[in-house]
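The values are calculated or read from the model by the stated rules, or taken from the named source; none is laboratory data. Being a predicted model, the structure only gives us computed values, none of them experimental. So basically every Cβ, Gly included, is an ideal-geometry build from the backbone, and we count neighbours across all protein chains shown. Side chains included, ligands, DNA and RNA excluded: accessible areas come from the protein's heavy atoms. Shrake-Rupley method; radii C 1.70, N 1.55, O 1.52, S 1.80 Å.
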Amino acid sequence: MTFDLGETYEAYADRGFELHAKHLNPQLPRVLRTIGMDRNYVRAEGPYLYDDKGDRYLDFLSGFGTYGVGRHHPVVRKAMQDVIALDLPDIVHFHTPPLAAALADRLLARAPGMDRVYFCNSGTEAVEAALKFARFATGRRRIVYIDHAFHGLTTGALSVNGAAEFRKGFDPLLPDVGIALGDLDALARELKRGDVAALIIEPILGKGVLAPPPGWLAAAQRLLREHGALLIADEVQTGMGRTGKFFAYQWEDGVEPDIVTVAKALSGGYVPIGATLTRDWVFKKVYSTMDRVLVHDCTFGGNNQAMAAGLATLAVLDDEDLIGNSARMGDAFVAGLAPLIDKYELFAEVRGRGLMIGLEFGKPRSLKLRAGWTALQAARHGLFAQMVVVPLFQRHRVLTQVAGDHMDVIKLLPPYVVGPEDVQHFVAGFVDVMDDAHKGTGLMWDFGRTLIKQAMTNR
């Protein structure tokens, strides 16, 4: 039998929903149908997705931040073709592969203060390594995390995940502790116990798109250093240029983490990759002797295809000034959206940095709108945000999603290759949806009633 991938794809192209319901996560097709996002995508390029009807969609999820350089970037694609054509030895383990050395060298050049890299397959694996390294290097066991944080879903990463909906039913987890974002006193209290290995924090929380108060991260770092604890910056979603700097922590002067995690956009959207960057002394504590050479390891870490994708992605970021474009387009989004806060009483705030943007909605003043808002909140907090997401998708073909469970916030994570016309398209679509919402009737509120019924059914 001769295998033909194209024939296999064609044979299954129209059976995705059916077989996902039968063999994979059955809730995924159910959710997509409920919210009207059951499309069959057949092609992707740059910031766009195309369905089997030929319709084009702006992808403002970008694989939860994976497609920083856009989908199927030609430079990254050629690197993938080249690395396969080279017939290089791979995953030998007892070998020092040149492409891993090259990516480590070029990645560290962008991360002042970091000296060494551990390569793995994903963001959650990078976080797992960071937690283990911090515990071993300090000889302490507890990690402080931020309420509502998301660091991954494997057991160690879940222990520092501040979202109750992900933790529920998976106890007991590791003995870590959450504090409120911006609460320096709470951090000080935990540090005084003398058993804290590190604080792990996303410089901008993905859930809700929330940033600490100005100066807080630097103050937290000083406290950590005073108590011999480490700062772990989780840059899995915020890093690689999304916020307009290579790392989001670089927006605050004086912040110099001990460990940094990256993933997602480093892949170029082709091969899963994660990386844990550390200071030299941390790495040398963990890998202290020859018999500890594999004390923390990953079968596929540093594989040639992942390294090629990472190297090509770094080159594209530089050659096309995509980090600069993230900053410019982020400013354009804010310029287009911020004036709408005064126009729409349901629209409360626009926040974020670069191309990581949160749009928050809030309780309206007028009695007519307040009645609908209250009904939605009684059924399930956060339903209004989903009511915005759906018409943006169905009427304007913009793919977005809520920024977290039980939050009236939607998050925009466009690829860094978006242009002014894409920003204008989104703003125009958002205006149309908000106009409809403020009528207090119509398709948007009809859909809201459907969501309420679904929420009640799921209870």
remark   = In cubic angstrom per residue, the convex hull of segment 101-199 built on its Cα atoms measures 119 Å³
key: chymotrypsin sites (Phe, Trp or Tyr not before Pro) within segment 394-431, DSSP loop, no more than 15 other Cβ atoms inside 10 Å   = none
task = Binning at 5 Å from 0, report for segment 167-265 what percent of all alpha-carbon pair distances ends up in each bin.
result = 2, 12, 23, 24, 19, 13, 6, 1, 0
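First compute the accessible area of segment 174-283 with a 1.4 Å probe, then give the percent of it belonging to carbon and sulfur atoms.
Its accessible area is 54 percent carbon and sulfur atoms.
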ask   = Over the Cα atoms of segment 263-370, how large are the radius of gyration and the largest Cα-Cα distance (Dmax), in Å?
value = 22.2, 71
message = For the chain, what does the relative contact order come out to in percent, with C-alpha contacts under 8 Å and a separation of six or more?
response = 19 percent
task = Could you work out how far apart the two model spin labels at Ala101 and Val431 are, taking each label as a point 7 Å from the Cα in the direction of the beta carbon, and quote it in nm?
result = 5.7 nm
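So, for the chain, what is the accessible surface per residue at a probe of 1.4 Å, expressed in square angstrom?
Ligands and nucleic acids excluded, the figure is 46 Å² per residue.
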message = Once the cut-off is 20 Å, how many percent of the Cα-Cα pairs in segment 50-128 end up in the long-distance tail?
response = 57 percent
task = Run the 1.4 Å probe and let me know the accessible area of Tyr12, rounded to the nearest 10 Å².
result = 120 Å²
remark   = Ala13 and Glu320 label points (each 7 Å along its Cα→Cβ direction) are spaced in nm at 2.6 nm
query = For segment 1-38, which trypsin sites (Lys or Arg not before Pro) are in a loop by DSSP, counting at most 11 other Cβ atoms within 10 Å?
reply = Arg15
query = Once the convex hull of the C-alpha atoms of segment 351-406 is built, how many Å³ does it hold per residue, rounded to a whole number?
reply = 99 Å³
task = Would you give the gap between the C-alpha center of segment 184-200 and the C-alpha center of segment 314-380, rounded to a whole Å?
result = 33 Å
The chain: equivalent-ellipsoid semi-axes (sqrt of 5 x gyration tensor eigenvalues, Cα, Å) = 36, 29, 21
query = In whole Å, how far is the Cα centre of segment 208-253 from that of segment 88-158?
reply = 17 Å
inquiry  = At R0 = 45 Å, how high is the FRET efficiency between Met290 and Gln27 if r is their beta carbon distance? Nearest 0.05 is fine.
reply    = 0.40
